[in-house]
Amino acid sequence: MHTYAAVISYDGVAFSGWQKQTQAASVQEDIEKALQSVCGNVVTVTAAGRTDAGVHGKGQVISFSLTTLWDLHKLVLAINFYLPETVRVMRVFLVDNNFSARFCALWREYRYYIWHGPAFPPCLSQRAWWNRWYWNKSAVEKACLYLRGTHDFKAFCPIKECPDNTVRSILSLKYRNREHLSVLTIRGNAFLMNMVRSIVGSLDLVGKEKKSAEWIKELLDDNKNRTHAGMTAPAHGLYFWRVGYDVHHFLPIPEISKERVKETFVPSDFA
């Protein structure tokens, strides 16, 4: 068997999420069907992260095993031939047989796009959240500082979906704004269900000056639950942006030296 990692991109609006579901379109099902058409047998794929209905994928990474050693360029063309236009394989890498897109990930990065103002460009429909109010930039930046680090994020996860351990580490959280457009980039080791969208919804209250930046810090108290935080921001503004891995999982790639990427390899940077 040969193990592959693939960078995929998809339009989240067309799917009910990443994971296979009964009587609902999913990214996983479309990719597994395409691989079965290519290889003639059932293939199971694993994703770095599961996205909800409406969430887009820009640099999602999946892993799967095939009996055949493929030319990587031809494998991309073959899989895409059987996929709908709403999902595409951008590049395939050969990896060691112990590689898992999910369990080998060092970090995952999401981006959330927000358009502020009284009018919304139709070309961004289902691609960004139309939030008519402008945010207080300094207040949002201050709130982001409180969210960085290792905390209990129970307040940002639906009560019925909370695991026993709701402690997660936010490695970085950046807020950028230029005129009408705001972008939040959040990187962490792992995320709870709806965690990123709940954070955005809470930052929205800070940006509108309905809550203070210190209120975000209070939400990280382990006595707080989902009822204490802000709304869950719409799914269509969220993108699964990229994933980082130990470069040693990836077999030699001619145009990529290990010295160039040091220890962390981001597959989507080379897709």
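Before moving on, here are some points about what is shown:
- Exclusive hit being within 21 Å of GLU109 (Cα to Cα), surrounded by 15 or more Cβ atoms within 10 Å (Cβ to Cβ) and touching a Ser or Thr at 6+ places or on another chain (Cβ under 7 Å), set GLY230, GLY188: GLY188
- Segment 1-21: number of residues that are buried (at least 21 other Cβ atoms within 10 Å of the Cβ) and closer than 15 Å to PRO84 by Cα: 5
- Candidate set from segment 197-214 (those that are among the hydrophobic types (A, V, I, L, M, F, W, C) and free of Cβ contacts under 8 Å to residues at least 60 places away in the same chain); member that is surrounded by the fewest Cβ atoms within 10 Å (Cβ to Cβ): LEU205
- Residue count, segment 19-62 (criterion: closer than 22 Å to HIS249 by Cα, in a loop (DSSP other than H, G, I, E, B) and out of contact with any Asp or Glu (no Cβ under 8 Å at 6 or more places or on another chain)): 3
- For ALA24: the one exception among (1) surrounded by 17 or more Cβ atoms within 10 Å (Cβ to Cβ); (2) farther than 15 Å from PHE240 by Cα: (1)
- Residue in segment 40-56 that is of a type in the set (Val, Ile, Thr), surrounded by fewer than 20 Cβ atoms within 10 Å (Cβ to Cβ) and over 20 Å from ASN97 (Cα atoms) present: no
- Per the listing SER138, SER172, the residue uniquely under 21 Å from GLY244 (Cβ atoms) and surrounded by fewer than 17 Cβ atoms within 10 Å (Cβ to Cβ) is SER172.
- Candidates ALA105, ALA101, ALA139, ALA119 - the one that is outside any loop (DSSP other than H, G, I, E, B), at pLDDT 95 or above, at negative phi and aliphatic (A, V, I, L, M): ALA139
- For segment 163-271, the helices (runs of 4 or more DSSP H) that sit wholly inside it and include 3 or more residues that are closer than 26 Å to TYR113 by Cβ are 195-207, 213-219.
- Restricting the first member to segment 73-86 and to residues that are within 19 Å of THR44 (Cβ to Cβ), and the second to residues that are among the hydroxyl-bearing types (Ser, Thr, Tyr), the beta-carbon pairs closer than 8 Å and six or more apart or on different chains are LEU75/TYR4; TYR82/SER37.
- Some residue of segment 55-77 being acidic (Asp, Glu) and closer than 16 Å to PHE265 by Cα: no
- For PRO84, the conditions (1) assigned to a loop (DSSP other than H, G, I, E, B); (2) within 30 Å of ALA213 (Cβ to Cβ) all hold with the exception of (2).
- Options SER198, SER212, SER202, SER172; residue that is polar (S, T, N, Q), touching a Cys at 6+ places or on another chain (Cβ under 8 Å) and not assigned by TED's automatic domain parsing to the domain that holds LYS58: SER198
The values are calculated or read from the model by the stated rules, or taken from the named source; none is laboratory data. Quick caveat, the model's predicted, so the values are computed rather than measured. Backbone-built Cβ (ideal geometry, glycine too); neighbour counts: all protein chains shown.
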